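*Asks:* I'd like to ask you about the structure that follows.
The values are calculated or read from the model by the stated rules, or taken from the named source; none is laboratory data. Because the structure is a prediction, the values reported are computed rather than measured. So basically every Cβ, Gly included, is an ideal-geometry build from the backbone, and we count neighbours across all protein chains shown. Protein only, heavy atoms only, side chains kept; ligands, DNA and RNA dropped before computing areas. Shrake-Rupley method; radii C 1.70, N 1.55, O 1.52, S 1.80 Å.
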Amino acid sequence: MKIRTFGFAALLCSAAFAGSAIAQDHQTMQGMKMGSMTMPAGGEVVGVGDLEISGGFAKAMLPGQPVGGGFLTVKNKGSSDDRLVSVTSPNADEVQLHEMAMTDNVMKMRELKDGIAVPAGQTVTLAPGGLHLMFQKVKTPFKQGDKVPVTLSFEKAGKVDLVLNVLSAQGK
Ligand SMILES: [Cu+2]
């Protein structure tokens, strides 16, 4: 049942990121590699323990689209490794941690059941085309200008609340 559920979600994920969104994300990734300074409009900065979370945003969703993508940056200023283990939001039945990567021109997505590692002294960025939060069974599709509250749970640092600003469907 879990596998079937995930298969369905993955299909929806692919649909959510299909077409121009993928091309856009891919261009963004290329641009970042080349040192472009275009970054999404940053939201609030929150801290918990040795962690600093910033740049949180979500993409606007199309009407009827049941899944949405969320993104943020976690900086670990401490000397011990941590891990983002789970995320909840009142706006979605479930929030999964996903990874997306382009392999032979095919965008593949998988759920990271063990969470996302945030090694000591490092900064981990969840961004379009890579690591992301996947909001499942979203009741009201995110609209540009909306705010989506989330609670992040880290293995060592504990829980922290963050508000994601909803940007356009292209994440800008
Ligand atoms: Cu996903």
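*Asks:* Does the range 74-86 contain at least one residue that is among the basic types (Lys, Arg), open to solvent by 10 Å² or more (accessible area, probe 1.4 Å) and in a loop (DSSP other than H, G, I, E, B)?
*Replies:* Residues of the range 74-86 among the basic types (Lys, Arg): 75, 77, 83.
Now restrict to residues that are open to solvent by 10 Å² or more (accessible area, probe 1.4 Å): 75, 77, 83.
Add one more test, that the residue is in a loop (DSSP other than H, G, I, E, B), and what stays is 77.
Looking through the range 74-86, at least one residue is among the basic types (Lys, Arg), open to solvent by 10 Å² or more (accessible area, probe 1.4 Å) and in a loop (DSSP other than H, G, I, E, B).
*Asks:* If you take the residues of the range 95-114 that are in contact (Cβ under 8 Å) with a residue 12 or more places away in the chain and under 12 Å from Gly129 (Cβ atoms), which of them is farthest from the ligand (Cβ to nearest atom)?
*Replies:* Met102
*Asks:* Among the residues of the range 110-123, write down those that are surrounded by fewer than 19 Cβ atoms within 10 Å (Cβ to Cβ), hydrophobic (A, V, I, L, M, F, W, C) and within 16 Å of the chain's Cα centre (by Cα).
*Replies:* First, the residues of the range 110-123 that are surrounded by fewer than 19 Cβ atoms within 10 Å (Cβ to Cβ): 110-115, 117, 119-123.
Among the residues that remain, those that are also hydrophobic (A, V, I, L, M, F, W, C) are: 112, 117, 120.
Matches in the range 110-123: Leu112, Ala117.
*Asks:* Out of the residues in the range 69-89 that are of a type outside the set (A, V, I, L, M, F, W, C) and within 16 Å of the ligand (Cβ to nearest atom), which is farthest from Glu155 (Cα to Cα)? Can you show your working first?
*Replies:* Initial filter on the range 69-89 (of a type outside the set (A, V, I, L, M, F, W, C)): 69-70, 73, 75-83, 86, 88-89.
Imposing the further condition that a residue be within 16 Å of the ligand (Cβ to nearest atom) reduces the set to 69-70, 86, 89.
On the way: Gly69: 22, Gly70: 20, Ser86: 9, Ser89: 18 Å.
Only one residue fits best here, namely Gly69.
*Asks:* Follow-up. Checking Met102 against (1) surrounded by fewer than 17 Cβ atoms within 10 Å (Cβ to Cβ); (2) at pLDDT 95 or above; (3) in contact with a Gly (Cβ under 9 Å, 6 or more places away or on another chain): exactly one of these is not met. Which one?
*Replies:* Here Met102 meets the rest and fails (2).
*Asks:* Okay, next question. Closer than 23 Å to Val166 by Cβ and within 16 Å of the ligand (Cβ to nearest atom), is that true of Ala92? Working first, answer last.
*Replies:* Values: closer than 23 Å to Val166 by Cβ: yes; within 16 Å of the ligand (Cβ to nearest atom): yes.
Yes; evaluated as a whole, the condition is true for this residue.
*Asks:* Evaluate the range 39-47: report whether one residue or more is out of contact with any helix residue (DSSP H, G or I) (no Cβ under 7 Å at 6 or more places or on another chain) and in a strand (DSSP E or B). Break it down stepwise before answering.
*Replies:* Start the filter on the range 39-47 by keeping residues that are out of contact with any helix residue (DSSP H, G or I) (no Cβ under 7 Å at 6 or more places or on another chain), which leaves 39-47.
In the following step, the residues that additionally are in a strand (DSSP E or B) were identified as 46-47.
Yes, the range 39-47 contains at least one residue that is out of contact with any helix residue (DSSP H, G or I) (no Cβ under 7 Å at 6 or more places or on another chain) and in a strand (DSSP E or B).
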